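The values are calculated or read from the model by the stated rules, or taken from the named source; none is laboratory data. Computed from a prediction, not measured in an experiment: that's the story for all the values here. Here the Cβ positions follow ideal geometry from the backbone for every residue, glycine too, while neighbour counts run over all protein chains shown. Note: accessible area is taken over every heavy atom of the protein model, side chains too, but ligands, DNA and RNA are not part of it. Shrake-Rupley method; radii C 1.70, N 1.55, O 1.52, S 1.80 Å.
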Amino acid sequence: MNRPLDDLPEPLLAEGATDFERRLLGAAANERPSPEMSARMAQAIGASAAALGVAAVAKELAAEAVASKATAGVGATAVWPWIAAGVLGLAVAGTIIGVQSWKDSPTEPRPAASQTMAPAVAPPLPGSPAQGNVRAAEPSAGASVPAPRGRVAPAVGVLREQIALLDAARVAIADGSSGRALDLLRRYQERYPAGSFLPEAAALKVEALVKLGRNAEARRLAERFVADHRGTVLADRVSRIAGLVRP
Amino acid sequence: MFNDHHAIVWRALRRRGLAPDAAADATQETFLLAAGRLPDIRPESERAFLIQTALRMAHTLSRKVVRWELDEDMDKRLSGLRDADERRADIQLCDLALARVNPELAEVFVLYELEGLSSPEIAALLEIPLGSVASRLRRAREQFRAAAARIERSLRKEGEA
């Protein structure tokens, strides 16, 4: 248990609990979802159950969806941390599309009202700048579990190309083919004008431009990006790449 | 993020009275909600954000979640628990005791005693003053320990019978 010093008494488990209390608290503190349950959750939110670490997910997706047209050697290297996070973003978009598909499908019964999901993307809430923190997403009053298991997967399949395309662009940058990366990123923006990863695509574009020595262009794009995404991890990264701030 | 934090999110929901499957569903939904906010979440505050979201979700769901009503049927439930495997029974007994604790106090208790969060972390996460964390924890302990003692006495009585 990793606990910084504070003004609270020692936890009961460390000091002062009876044997019975320790037994109860210890059992509850160590409870974990079964591996099967973890895998099911991961799958439902769009991450591969086989790779809760995301590098393998990107590798699989990139190889599967885009290899024929994007690039060889996709997925052999590490992915950006935000691509990892992006798998979750895919799940969000996937869920939205999944819900939409119920509306559109004449053969699929719509879920009962009690089974409909909360909006996957909560409206922004004011943050808590003093703590550098972000307030938690607010479930809607009608939010109800379970989320529609199995509905997310097909939508994620539709969206796989997005992440693969971006991964291919990243690999192209790493391989020194930044011109090719710009082509892939343009294709992404044309194909997915409201894509889940537009910020990531813009960040990659900044990086590709810098690699090509088109620094003024990169800087302009970076400044716009940082203004639009101020305070985010991605904005920090873009700032560093474009030389807006020194690392 | 999922790999690092899904267990604690799931556990936080379990301690709020959700069954394992319902907690898994709510965990899933918590991560989906978080995904929509990814650009806004600082890496060091991911855990707090997720737990906060999960607790809000549990609060939203609370009307639909049947928590054990202890005063009347604790004895009946205790006899049922004897059949469960020991560890699972201990978890259920812990939840039984937690269900006797005022929910506001129980949140602090769970985050501190079971999840090892610090006082400032809990204060930030629950958006309460630091002093309230200490006072809630003190009262939660009193309630939890009284409930645990009662459960232990009941079990002993059953063992003697």
- Item | In sequence order, calculated HN-Hα J values of region B:134-144 (Karplus, 6.51, -1.76, 1.60; Hz; x Gly/Pro) | 5, 6, 5, 4, 4, 5, 5, 4, 4, 5, 5
- Pair-distance profile P(r), taking every C-alpha pair of region B:2-61, with 10 angstrom steps and integer %: 26, 59, 15, 0
- Task: From other protein chains only, count the Cβ atoms within 10 Å of every residue's Cβ in B:89-96, then give the mean.
- Result: 5
- Message: Probe of 1.4 angstrom, ligands and nucleic acids ignored: what's the accessible area per residue over region B:22-61, in square angstrom?
- Response: 23 Å²
- Task: Provide B:Glu121, B:Glu142 ordered by accessible surface of protein heavy atoms (probe 1.4 Å), highest first.
- Result: B:Glu142, B:Glu121
- Note on the structure: Note: B vs A interface, total accessible area buried (1.4 Å probe; ligands, DNA, RNA excluded), nearest 100 Å², is 6200 Å²
- Query: What ranking, highest mean first, results for peptides A:20-32, B:129-141, B:103-115 when packing means the other Cβ atoms within 10 Å averaged over each residue?
  - Reply: B:103-115, A:20-32, B:129-141
- Message: Given the options B:Pro43, B:Leu55, B:Thr30, identify the residue whose Cα lies farthest towards the positive end of the charge dipole of region B:2-61 (+1 on Cβ of Lys, Arg; -1 on Cβ of Asp, Glu).
- Response: B:Leu55
- Other chains near A:204-211: what is the mean number of their Cβ atoms within 10 Å of each residue's Cβ? 0
- Describe numerically, in nm with one decimal, the distance between label points set 7 Å from Cα along Cα→Cβ at A:Arg214 and at B:Lys157. 7.9 nm
- Query: Which whole number gives the average, over all residues in B:124-135, of C-beta atoms from other chains lying within 10 Å of the residue C-beta?
  - Reply: 2
- Message: I need the fraction of alpha carbon pairs in region A:166-247 separated by more than 23 Å, rounded to a whole percent.
- Response: 13 percent
- Task: Report Rg (one decimal) and Dmax (nearest whole number) for region B:81-122, counting Cα atoms only, units Å.
- Result: 12.4, 41
- In sequence order, calculated HN-Hα J values of region B:9-20 (Karplus, 6.51, -1.76, 1.60; Hz; x Gly/Pro): 5, 4, 5, 4, 6, 4, 6, 8, x, 7, 5, x
